[in-house]
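The values are calculated or read from the model by the stated rules, or taken from the named source; none is laboratory data. Model, not experiment: these values are computed from the prediction. Counting neighbours? That spans all protein chains shown, and the Cβs are built from the backbone with ideal geometry, glycine included. Keep in mind that these areas ignore ligands, DNA and RNA; they rest on the heavy atoms of the full protein, side chains included. Shrake-Rupley method; radii C 1.70, N 1.55, O 1.52, S 1.80 Å.
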Amino acid sequence: RWITSKMMSRMASEHAQIGARNMAERKRVKLSLPHTVEYFHQVDDGYSHLAVQLLKEFSERYRVELHCYLVSESAGDNLPEPELLSKLSCYDARIIAPYYDLQPPGDNGVAPAELVAQTTAILAGLSNEDFIEHAAVINSAMWQQDEAALVEFAQRLGGADEANTNAALHRGNARRKQLKHYSGAMFFYGDEWYWGIDRFYHLERRLAELGLDKSSGQPPLAPSMEVVSGPLKDQGQLTLEIFPSLRSPYTAIAFDRAVRLAEETGVELKVRPVLPMVMRGVPATMEKGRYILFDTGREARAAGVPFGPCYDPIGEPTRRAYSLYAWACEQGKGVEFISTFLRCAWTEAINTNNDKGLNQVVTRAGLDWAQAEKLVGNPDWQEQLERNRLAMYEHGLWGVPSFRLIDAGGKTLLALWGQDRLWVVAAEIQKALQAES
């Protein structure tokens, strides 16, 4: 655990990020290579639909070579809930698209398989330049289920037969695997991955720092979204549920901000912790783990949130902590307990796997260790956490942290997954309060 935690801390560190970027740039210069960005497009992915709309402007604005690949949905342990992710990507993309002035996927949900195949064949037949020019409108026609438009595109631009379409997908999948990733809507530059429009601002900042932005000083194409609490305050109409996990790096950088958002808006906060995926029997790969840790560190620094060094609380530390959670809630300290545990494990590298470390968590949360010590290890928490997990799945969510915004009548106004959706929660709270006033 100690060795693994040291490795995890390094993966998430700014020092490692800077070192990797510098090394990639030295390698590029030594080999006299151009600045090259690679984009991996999954036709039936809602996030790819948003990302592909950036390609033309991006290629015109930045002094880079943009290479585009078609990929299929990644199978295996990197994608534990493919059906849920497919639906969520469409739902989520429809919600966030207006904030970026992008066209959302259609309201019809998951795209029909025959239209996906038809669109993939059209895109597979395009040159790289034509892909950058036309992929966004072709993809939009698919999401709108505009069969006539797709036929027109096929007649005007051509398309690939089944063998060449499969070959294009194979090339894209193989290149993505070679670069050690697994998702669609991904951009790759200089040994670093950027997911869709949510991480695009990291890429734009990096390119600007290298002097590659032709429109220096102009707003980015996909800016970082800020969590804005005000100005309206709730008067008992809204509830914000958060589903955290003590072993989640993303939870560690979002939990306190979610608590602060609820406090500043007056929304009732309901904390519903769950077991981490790997402790629920969901497998995880090394490449996914590395990306998550690197990305968490990068996101934390951008948000001004502390993260690292860490001491991995997987397994028994998490179980021991959860055995105290109900008691902490009875003392009115449930939020403080989770917040303190996350801070100790993920920003101070405190070993919570022994009494000394857990004592620090309990004491710093304002609780009595003498009482807590008698309760550590009881199994009473398991049933409640399972109910929380089932509630999360009921609303199409499975990862952490997830959020659900509920009105006074119990209606779900919003249900989203990810620390990078807290700004959406804040914006939708204001919309809901505006509608009530």
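Maximal additional length on extending the Q155-M7 stretch stands at 48.0 nm, based on 0.36 nm per residue less the C-alpha distance. Bridge orientation summary for the chain: considering DSSP beta bridges with both residues in this region, about 65 percent are antiparallel. In the stretch 1-159, the ratio of gyration radius to Kirkwood radius, Rg to Rh, stands at 1.05 when only Cα atoms are counted. With 0.36 nm allotted per residue and the present C-alpha distance subtracted, the T36-E147 stretch has 36.5 nm of extension available.
Sorted largest first, the principal axis extents computed over the alpha-carbon atoms of the stretch 284-437 equal 49, 36, 28 Å.
For the chain, a Gaussian network of Cα nodes joined below 10 Å ranks M23, M186, M392 by mean-square fluctuation, and the top entry is M23. In this simple spin-label approximation, A117 and M23 carry label points 7 Å from Cα along the Cα→Cβ vector, and these lie 4.4 nm apart. Taking the Cα centre of the stretch 249-348 as origin and assigning +1 to Lys and Arg Cβ atoms and -1 to Asp and Glu Cβ atoms, the resulting dipole is close to 220 debye. Built from the Cα atoms of the stretch 92-218, the convex hull projects on average onto 9.2 nm², one quarter of its surface area. With 0.36 nm allotted per residue and the present C-alpha distance subtracted, the R63-N164 stretch has 33.3 nm of extension available. A Stokes-Einstein calculation at 4 °C with viscosity 1.567 mPa s, built on the Kirkwood radius of the stretch 50-135 over Cα pairs, returns a diffusion coefficient of 87 µm²/s. Report relative contact order for the stretch 2-161 in percent, whole number only (criteria: Cα-Cα under 8 Å, sequence separation at least 6). Relative contact order for the stretch 2-161 comes out at 23 percent. Neighbours of W417 by Cβ distance under 14 Å: Lys/Arg scored +1, Asp/Glu scored -1, total -1. The calculated FRET efficiency for C329 paired with V110, based on their beta-carbon distance and R0 = 35 Å, is about 0.35. Solvent-accessible area assigned to carbon and sulfur over the stretch 1-146 amounts to 52 percent, based on a 1.4 Å probe. When the Debye formula is applied to the Cα atoms of the stretch 237-311, each taken as the same point scatterer, what base-10 log of I(q)/I(0) results at q = 0.12, 0.15, 0.26 Å⁻¹? The computed values of log10 I(q)/I(0) come out as -0.40, -0.61, -1.22.
Restricting the trypsin sites (Lys or Arg not before Pro) of the stretch 20-89 to loop positions (DSSP other than H, G, I, E, B) with no more than 14 neighbouring Cβ atoms within 10 Å leaves R63.
Distant-in-sequence amide contacts of K270, defined by a placed amide H-H separation under 5 Å and a gap of 5 or more residues or a different chain, comprise L240, E241, I242. May I ask for the angle, rounded to the nearest 10°, between helix 381-394 and the longest principal axis of the chain, with both axes built from Cα atoms and the value confined to 0 to 90°? Helix 381-394 sits roughly 30 degrees off the main axis of the chain.
Measuring from a point 7 Å past the Cα of E264 along Cα-to-C-beta, which residues in the stretch 270-304 have an amide N at less than 14 Å? Only 303-304 fall inside the zone, counting backbone N under 14 Å. Accessible area per residue for the chain is 45 Å², calculated with a 1.4 Å probe on protein heavy atoms, without ligands, DNA or RNA. Taking the centroid of alpha carbons for each part, the stretch 171-246 and the stretch 331-410 are 28 Å apart. Close amide H partners of H67, meaning residues 5 or more places away or on another chain with modelled amide H under 5 Å apart, are V37, E38, Y39.
Rounded to the nearest whole angstrom, the semi-axes of the ellipsoid equivalent to the stretch 203-263, taken from the Cα gyration tensor as √(5λ), stand at 34, 18, 7, largest first. Where q = 0.06, 0.12 Å⁻¹, what log10 of I(q)/I(0) comes from the Debye formula for the chain, counting one point per Cα? With no solvent term, the Cα-only Debye profile gives -0.27, -1.07. Here the accessible area is traced with a 1.4 Å probe on the protein chains. For the stretch 328-437, carbon and sulfur cover 48 percent of it. Modelled label positions at L79 and E383, each set 7 Å beyond Cα in the direction of Cβ, lie 3.8 nm from each other.
Computed over the stretch 193-336, the Cα gyration tensor eigenvalues convert (square root of 5λ each) into semi-axes of 32, 24, 11 Å, ordered from largest to smallest.
Taking every DSSP bridge with both residues inside the stretch 177-312, close to 50 percent are antiparallel.
Computed about its Cα centre, the charge dipole of the stretch 283-427 is approximately 260 debye, with only Lys, Arg, Asp and Glu carrying charge at their Cβ. Extending 7 Å from the Cα toward the beta-carbon at both R290 and E129 defines two label points whose distance is 3.6 nm.
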